[in-house]
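Here is the structure we will look at, set down as structure tokens.
The values are calculated or read from the model by the stated rules, or taken from the named source; none is laboratory data. Predicted model only: the values in this text are computed from it and were never measured. Because the Cβ atoms are built from the backbone with ideal geometry, glycine has one as well, and the counts that use them run over all protein chains shown. Note: accessible area is taken over every heavy atom of the protein model, side chains too, but ligands, DNA and RNA are not part of it. Shrake-Rupley method; radii C 1.70, N 1.55, O 1.52, S 1.80 Å.
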Amino acid sequence: MATIDAIDTWIVDVPTIRPHVLSMTSISRQSMVIVRVRCADGVSGLGEGTTIGGLAYGDESPESIKLTIDTYFAPLLVGADSAMPAALMTRLRQNVVGNHFAKNAVETALFDCVARRAGVPLSDLLGGRQHDRLPVLWTLASGDTAKDIAEAEAMIAARRHNVFKLKIGKRPLADDVAHAGAIKRALGAGASVRVDVNQAWDEQTARKGARMLGDAGIDLIEQPLPRADRAGMARLAASAPIAIMADEALRGTHDAFDLAAIRAGDAFSIKAAQAGGLIAAAKVAAIAEAAHIGLYGGTMLEGSVGTAAAAHLCSTFATLAWGTELFGPLLQTEEILATPLEYTDFALTVPKGPGLGIELDEDKVRHFRRDAPQRTVVMLNQAAR
Ligand code: MUC
Ligand code: MG
């Protein structure tokens, strides 16, 4: 039996390459909770819990993810057999309500342990990969149309991305449509442009917005309405001239089932953190497939650990109608892996090595850890000012 000896968690703050402007917040650094499950046989596994803008996006923050794992999960896991992720996740769910981001981080680390021990990639434990490379879009969210166009053109020239998502919903509808239309016109027919409203519209705005964005050549609108407005999403999906995607509304299998039953979207964004784990996310995807709803590999703007886990999961889907947005590590100024994930020719290569197929650069992690000695002093000095 490979007993769990310890669970380490660190908040790692890495600046972003530019401010990332969403309808509900703007971020200039990403705070990742990196989890390491250490086992008695010397095997250890990694996971990541990352949210967007502290508590602005969801109801878990980096601090709460760390606290939940340290205080509530660790006592339930240390001493248990690491080779049974499903049973351990049932134990966590029986004892802790919600906290999906924290649960996903730990489940990933458990799977990483099991797969490393078996010497197989994590995708093998999820059914086996059907793809080695996944198409990856880029999110333009500088808040400035000209900067966004320049950024997109550079991405196309570098053959890194040719599908773009725009974060809108903060400004009046006419301004957002003008912004999206200008970007679509500049990039032309060769680039797909989509928008993510992050729940900022009401139904009337969304109805009007769908028509105007459709006329401007935009392909899809992600989560235009508040997550609770399922009926509104269903009415919109039935009437909109372009595709509607559910994102924040999908907090696990029950949501997926209810949304699919009323077809409250043409596409589902599959996010392990939102679903509460890789297995839960695979079930969300299965529900979507059964309902003929297109799949999309979503991100919580995770760094390399969470992105690698999502890539393993997405590689097991037969089709990803809307590709993926697994670009999180590219938004950060620094990479915390010994060997970065490979982004070439508009796609991410799914790692092949055992487990997640990645190794941390321990020096980088030490440097960016929030509790690293030099950073604690800097933060205390800032607080004193
Ligand atoms: C979201 O809502 O999809 C994904 C890309 C991005 O810029 O923000 C996220 C979250
Ligand atoms: Mg979204």
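Here is how the numbers come out for the structure above:
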{"read-out": "Checking S123 against (1) touching a Lys or Arg at 6+ places or on another chain (Cβ under 6 Å); (2) of a type in the set (G, A, S); (3) surrounded by fewer than 20 Cβ atoms within 10 Å (Cβ to Cβ); (4) under 30 Å from P85 (Cα atoms), the condition it does not meet", "value": "(3)"}
{"read-out": "Residue in the stretch 138-146 that is assigned to a loop (DSSP other than H, G, I, E, B) and of a type in the set (D, E) present", "value": "yes"}
{"read-out": "Odd one out for G209, checked against (1) within 21 Å of F327 (Cβ to Cβ); (2) assigned to a helix (DSSP H, G or I); (3) touching a helix residue (DSSP H, G or I) at 6+ places or on another chain (Cβ under 6 Å)", "value": "(1)"}
{"read-out": "Residue list for the stretch 214-224, restricted to those being over 17 Å from R235 (Cβ atoms) and in a helix (DSSP H, G or I)", "value": "D215"}
{"read-out": "Output for the stretch 258-317, where each listed residue is part of a strand (DSSP E or B) and within 13 Å of ligand 1 (Cβ to nearest atom)", "value": "A267, F268, S269, I270, Y296, G297"}
{"read-out": "Residue within the stretch 91-114 that is of a type in the set (V, I, T), on the phi < 0 side of the Ramachandran plot and open to solvent by 60 Å² or more (accessible area, probe 1.4 Å) present", "value": "yes"}
{"read-out": "Pick from the stretch 316-328, criterion hydroxyl-bearing (S, T, Y) and more than 15 Å from the chain's Cα centre (by Cα), ranking: surrounded by the most Cβ atoms within 10 Å (Cβ to Cβ)", "value": "T316"}
{"read-out": "Residues (among the β-branched types (V, I, T) and either closer than 19 Å to L278 by Cβ or in contact with a Pro (Cβ under 8 Å, 6 or more places away or on another chain) (or both)) located in the stretch 32-58", "value": "V33, I34, V35, V37, V43, T50, T51"}
{"read-out": "Flag if L250 is farther than 23 Å from F101 by Cβ and in the same structural domain as A288 (by TED's automatic domain parsing)", "value": "no"}
{"read-out": "Test: residue in the stretch 93-104 that is within 16 Å of ligand 2 (Cβ to nearest atom) and in a strand (DSSP E or B)", "value": "no"}
{"read-out": "Hey, K271 under 22 Å from E107 (Cα atoms) and more than 16 Å from ligand 2 (Cβ to nearest atom) or not", "value": "no"}
{"read-out": "Positions within the stretch 17-62 being open to solvent by 60 Å² or more (accessible area, probe 1.4 Å), within 24 Å of P85 (Cα to Cα), touching a residue at least 12 places away in the same chain (Cβ under 8 Å) and not in a strand (DSSP E or B), in sequence order", "value": "A40, D41"}
{"read-out": "Selection within the stretch 65-78 - open to solvent by less than 70 Å² (accessible area, probe 1.4 Å) and farther than 15 Å from R36 by Cα", "value": "L76"}
{"read-out": "Members of the stretch 158-178 that are closer than 23 Å to G328 by Cα, out of contact with any Asp or Glu (no Cβ under 6 Å at 6 or more places or on another chain) and more than 16 Å from ligand 2 (Cβ to nearest atom)", "value": "A158, R160, H161, N162"}
{"read-out": "Cross-chain or 6+ apart pairs with Cβ under 9 Å, the stretch 319-330 first and modelled with pLDDT of 95 or more and polar (S, T, N, Q), then open to solvent by less than 10 Å² (accessible area, probe 1.4 Å) and assigned to a helix (DSSP H, G or I)", "value": "T324/A311; T324/C314"}
{"read-out": "Total residues in the stretch 26-58, condition at negative phi, within 19 Å of the chain's Cα centre (by Cα) and of a type outside the set (K, R)", "value": "20"}
{"read-out": "Qualifying residues in the stretch 197-224 (those that are touching a Leu at 6+ places or on another chain (Cβ under 7 Å) and within 14 Å of ligand 2 (Cβ to nearest atom)) - the one farthest from S26 (Cα to Cα)", "value": "I221"}
{"read-out": "Odd one out for D255 among (1) outside any loop (DSSP other than H, G, I, E, B); (2) more than 16 Å from ligand 2 (Cβ to nearest atom); (3) open to solvent by 10 Å² or more (accessible area, probe 1.4 Å)", "value": "(2)"}
